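To start, the structure itself, in structure tokens.
The values are calculated or read from the model by the stated rules, or taken from the named source; none is laboratory data. Please read all numbers here as calculations on a predicted model, not as lab measurements. Counting neighbours? That spans all protein chains shown, and the Cβs are built from the backbone with ideal geometry, glycine included.
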């Protein structure tokens, strides 16, 4: 179930809406337009991990098109940092 509330309503009912967000999608609107979403912290963490994984996959694909491996990039970066430290 999806619940839409205005910012003013969200301010006055935040505690109640946080409880509802455990089971329902709560969308906070500003002037009738979606502004934010309340969701359980576990779901937020899950979305962050998915986003990070997606970024790693995209980076891996870009490196692949350049003919580099992640190991080669790591070793090259490490060597460059070590050389800077002693310069």
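Structure summary
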item	result
Selection within region 24-54 - in contact (Cβ under 8 Å) with a residue 12 or more places away in the chain and out of contact with any strand residue (DSSP E or B) (no Cβ under 9 Å at 6 or more places or on another chain)	40
Single unsatisfied condition, residue 36 versus (1) surrounded by 10 or more Cβ atoms within 10 Å (Cβ to Cβ); (2) within 22 Å of the chain's Cα centre (by Cα); (3) part of a helix (DSSP H, G or I)	(3)
Unique match (being assigned to a helix (DSSP H, G or I), modelled with pLDDT under 90 and within 20 Å of the chain's Cα centre (by Cα)) among 60, 76	60
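Let's see how each residue does on (1) in a helix (DSSP H, G or I); (2) in contact with a helix residue (DSSP H, G or I) (Cβ under 9 Å, 6 or more places away or on another chain):
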residue	(1), (2)
3	no, yes
8	yes, no
11	yes, no
18	yes, no
22	no, no
28	no, yes
43	yes, no
50	yes, no
53	yes, no
